[in-house]
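One structure is given here, and the rest of the page talks about it.
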Amino acid sequence: MKEYKTVRHATSYTMTERKSEFICYVTPVSDESTALAFIGDIKKKHSDAKHNVYVYILRSNNTTRFSDDGEPHGTAALPVLELLHKEEITDVAVVITRYFGGILLGTGGLVRAYTAVVKAALEIAGIVRNVCCTVFTVSLTYSDYPKIEYFLQGKPIIRDKTTFENEAVMVLAVAEEGFCETEKSITEITCGRAVITKLGERFYAL
């Protein structure tokens, strides 16, 4: 997978629907143990709640797990799962705690409420696109360094870090398809003096 979407940061959102309180927790996760620990923490925090519905989706092994936690089948976790799939969001865990307010919401009401609280939480968390990038170093003379600094301005190239010793060494990252063109440009600007070394691949938020 060359890119994927996930949530930018963990957040929560609370709403009330006909006296029932819905609290949605959303967090980015990278593995199943982290997702399960997150779900466990929320369940423990709200052990007195009527329901703790959860969904998590992982890129690893295309893992998807969900639970209605006692809500009528298809009214809670499934609508949330469908929403996440529609938005193409992965590496995410969602828990929706519901404190029952004494008024039955019905099938349609539950679907709307669970969908609405998750939508609101996702808006707060923010969606980020992580792209597979080529990470590389550029070793430069001090006279060439300002030229490359100028070249990088406004470019979709990530500057990870720069060290200054006998020469300037920049650690950069660019989307895979842009590496060859970037390498060519740097070589031309420095008249071949720059030493470019590929380090590997890594996902970055772009």
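Bear in mind that the values in this text are calculations on the coordinates, not laboratory data. Not measured: the values here are computed from a predicted model. When we count neighbours, we look across all protein chains shown, and the Cβ atoms used for this are built from the backbone with ideal geometry, even at glycine.
Below are the figures for this structure:
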{"quantity": "P(r), alpha carbons of the stretch 99-206 - 10 Å bins starting at zero, rounded %", "calculated": "13, 34, 17, 10, 11, 9, 6, 1"}
{"quantity": "Residue among Asp31, Asp69, Asp41 with the largest mean-square fluctuation in a Gaussian network model of the chain, springs linking Cα atoms under 10 Å", "calculated": "Asp41"}
{"quantity": "Charge dipole of the chain about the Cα centre (unit charges at C-beta), most positive-ward option of Gly40, Phe151, Val111", "calculated": "Val111"}
{"quantity": "Volume in Å³ per residue [convex hull over Cα atoms, computed for the stretch 1-113]", "calculated": "96 Å³"}
{"quantity": "Degrees between helix 106-125 axis and first principal axis of the chain (Cα, 0 to 90, nearest 10)", "calculated": "30 degrees"}
{"quantity": "Nearby aspartates and glutamates by direct alpha-carbon distance to Lys119 (threshold 16 angstrom, same-chain neighbours under 8 apart not counted)", "calculated": "Glu17, Glu21, Glu82, Glu87, Glu88"}
{"quantity": "Computed log₁₀ I(q)/I(0) - Debye formula, equal Cα scatterers, no solvent, the chain, q 0.07, 0.10, 0.18 Å⁻¹", "calculated": "-0.33, -0.56, -1.09"}
{"quantity": "Set Lys147/Lys198; Lys5/Lys147; Lys86/Lys198; Lys86/Lys161 screened for pairs whose C-alpha atoms are more than 32 Å apart", "calculated": "Lys5/Lys147; Lys86/Lys198; Lys86/Lys161"}
